[in-house]
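Report on the structure given below.
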Amino acid sequence: MASVRVTSEWSLAGLAGLVVVSALACAPAADEEPPAAEQPAAEAETAGEAGALEAERWLDDFSTGGEVDPQGAIPAEAARDRFAPGETVYVSMAVDDAPADAAVHVVFYDAAGQKVAEDEKKVPAEALYLYFDSGDTANWPPGAYRVEIAVDGEVVDEQALTLAAAGDEAAEG
C-alpha cells in the first residue's frame, strides 16, 4: 500500500482553492442586477413614478354624465352612462387630494379599442373637481365605449358608457 504524505504546500494550495471556489459561488452572476440598495441613484425611483403610485389616492368619485356644475362635478341628476348621438359626454373626478399641476390624462375608446377622443389637464391649485368632455359624438357609432383616466401614465380608473342609437329613448337624460 502506498502512503500519501501531505505537505504544508499541498495544504495551502488546497485551502487557496477552496477560498476561490467559495468566492465564485457567492458572487452574483454577470447578468444579475445588484440589490436595490447597491444600485446607482440615477436608477432610483423618480418623483413622477412615485406620484403615479399615489394617484389612486389623489383621485376619486369618478363619474360620467350629461353636464357639470360650476365646480366641475357632475350633479346627481345628470349622472348617467348612456348618451344620445351627438351629445357631449362629461367625465368628472374629485381632485382635492391631488397636488397642484398633477397631469391627468383621459382617453375615450370605442368597443374595438380605438381612441376616439383624448385630453390632458393639470390639476389647478385648490380645485375640488376636474372634468373632461368627449367633444362632439355625432360621428361616433352607437355602442359601448370606455374612458381611461391616467396619472403619469398609470391608469387609475375606467368608466364604461354607451352611445345609444338615434331615437333610442333610453339615451335621453
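When the stretch 153-173 is limited to residues that are aliphatic (A, V, I, L, M) and at pLDDT 95 or above, the one that is nearest to D61 (Cα to Cα) turns out to be A160. Scan the stretch 80-102 for residues that are loosely packed, with under 15 Cβ neighbours inside 10 Å and out of contact with any Leu (no Cβ under 8 Å at 6 or more places or on another chain) and the total you get is 5. Could you please let me know if A150 is in contact with a His (Cβ under 8 Å, 6 or more places away or on another chain) and either surrounded by 14 or more Cβ atoms within 10 Å (Cβ to Cβ) or over 14 Å from L59 (Cβ atoms) (or both)? Yes, satisfied. Of all residues in the stretch 74-132, those that are hydrophobic (A, V, I, L, M, F, W, C) and in a strand (DSSP E or B) total 14.
The values are calculated or read from the model by the stated rules, or taken from the named source; none is laboratory data. What you are looking at is a predicted structure, and each value in this text was computed from that prediction instead of being measured. Neighbour counts are summed over all protein chains in view; Cβ atoms, including those assigned to glycine, are modelled from backbone coordinates with ideal geometry.
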